[in-house]
Amino acid sequence: MSRIIFMNDHLVPEEQAVVSVFDHGLLYGDGVFEGLRSYAGKVFRLDDHLDRLYASARAICLEIPLAKAAVAKAVVDTLAANNLADGYVRLVVTRGAGSLGLDPNKTKHPQVIVIADTISLYPREFYEKGLRIVTAATQRTQSAALSPRIKSLNYLNNIMAKLEGLQAGCVEALMLNHKGEVAECTGDNVFVIRGGKLLTPPPDAGILEGITRGAVMELAGAAGIECREVALVRHDLYTAEECFLTGTAAEVIPVVEIDGRKVGAAVPGPITKRLTADFHALVRR
Ligand code: PMP
């Protein structure tokens, strides 16, 4: 079945949704993106995703040719055009076509693309039994090289780490920053529970500030679970009572083994289960 794609200012069948081979998004990974999700016909935290998209674009001097309200409408319209009440949206803004050099000033017409589809990132059993993950040797990029806070089309740093995970038989991999502290996983943020408190690395540990991460921190507050952003090292993960990951596609997923060490009782823990249930209730509210 052919999908309907939003391209710049209108909806087109996927066969007609094409970009130039000179687009710097393709040539250099020069562009930004978002992954969003809709539940029962409502896009979860659309404004937060748009704010992050425009902030990422601002950081790379990319002028998005549409106002936020127009992009919001494009997201909603694309989901509707594909009859998706529960769907995943990939919102992409490329630098546009230019010459065969890096200079972004020699490009024209950034492309605004909205793809709506369904997603199931991890098999159901991982949500029930928990994930095994390994630490990748590939470090998360330092902010001084490329800030992980920019959700750019250049995801090779994460893909290199993901490859390491896959080669070790794991669907996710943990990434450390240049100081050896825990940053995040290749496409998900990390939380641990210690002494009944929720701990997660702060933005300056080299993470993308996940929208799901923010939602889970709010849910913890509402549930009376103290949540702190603190620098964590692998020892903190190995010795945690519980560990879980968050992301738009992954939602909340328990981690039960890290680098061959069992986490807690090696089954999804009570706080993880509570926050997972609260998250599912929140997205349907
Ligand atoms: N970290 C990285 C590197 C990501 O790509 C993502 C999004 N897939 C996340 C964290 C989670 O962010 P969010 O909850 O906004 O999807």
query = In cubic angstrom, how much convex hull volume per residue do the alpha carbon atoms of region 5-56 span?
reply = 108 Å³
remark   = If amide H atoms are modeled at 1.01 Å from N in the peptide plane, then the residues at a separation of 5 or more from A183, or on another chain, having amide H under 5 Å from its own are M175, L176, N177
note = Among K129/K197; K108/K151; K151/K262; K129/K179; K73/K273; K73/K151, the pairs whose Cα-Cα distance exceeds 25 Å are K151/K262; K129/K179; K73/K273
Amide H contacts under 5 Å for D86, placed H, 5+ residues apart = A40, G41
key: Cubic angstrom per residue, convex hull over Cα atoms of region 4-117   = 85 Å³
note = Residue by residue through region 272-284, the couplings from Karplus 6.51 cos²θ - 1.76 cosθ + 1.60 with θ = phi - 60°, in Hz, x for Gly and Pro, are 4, 5, 4, 5, 5, 5, 5, 5, 4, 5, 4, 5, 9
message = As a test of understanding, state the convex hull volume per residue of region 124-284 from its alpha carbons, in Å³.
response = 104 Å³
query = How compact and how long is region 110-168, expressed as Rg and Dmax of its alpha-carbon atoms in Å?
reply = 15.1, 43
inquiry  = Shape verdict for region 189-276, please, from the Cα gyration tensor: rounded (a/c under 1.5), prolate (a/b greater than b/c) or oblate.
reply    = rounded
ask   = Which whole-Hz couplings ³J(HN,Hα) result when phi for each residue of region 100-108 is put into the Karplus expression 6.51 cos²θ - 1.76 cosθ + 1.60, θ = phi - 60°, listed in order with x for Gly and Pro?
value = 7, x, 5, 3, x, 6, 9, 10, 9
key: Average projected area [Cα convex hull, region 27-68], square nanometres   = 3.6 nm²
ask   = Taking Rh as the Kirkwood radius, which is the inverse of the mean 1/r over Cα pairs, what is the Rg/Rh value for the chain?
value = 0.97
note = Long-range share for region 66-202, i.e. C-alpha pairs more than 19 Å apart as a percent of all pairs, stands at 66 percent
Ranked list, fewest to most other Cβ atoms within 10 Å of each Cβ, for R52, R234 = R234, R52
key: Inter-centroid distance (Cα atoms) of region 134-171 relative to region 227-285, Å   = 20 Å
message = Based only on other Cβ atoms within 10 Å, what is the fewest-to-most ordering of H24, H49, H178, H235?
response = H235, H178, H49, H24
ask   = So what is the relative contact order for the chain, in percent, with contacts set as C-alpha pairs under 8 Å and at least six apart?
value = 17 percent
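A short reminder: the numbers here are calculations on the coordinates, not readings from a lab. Bear in mind that the values here come from a model prediction, so they are computed numbers and not experimental data. Reconstructed Cβ throughout: ideal geometry from the backbone, glycine too, with neighbour counts over all protein chains shown.
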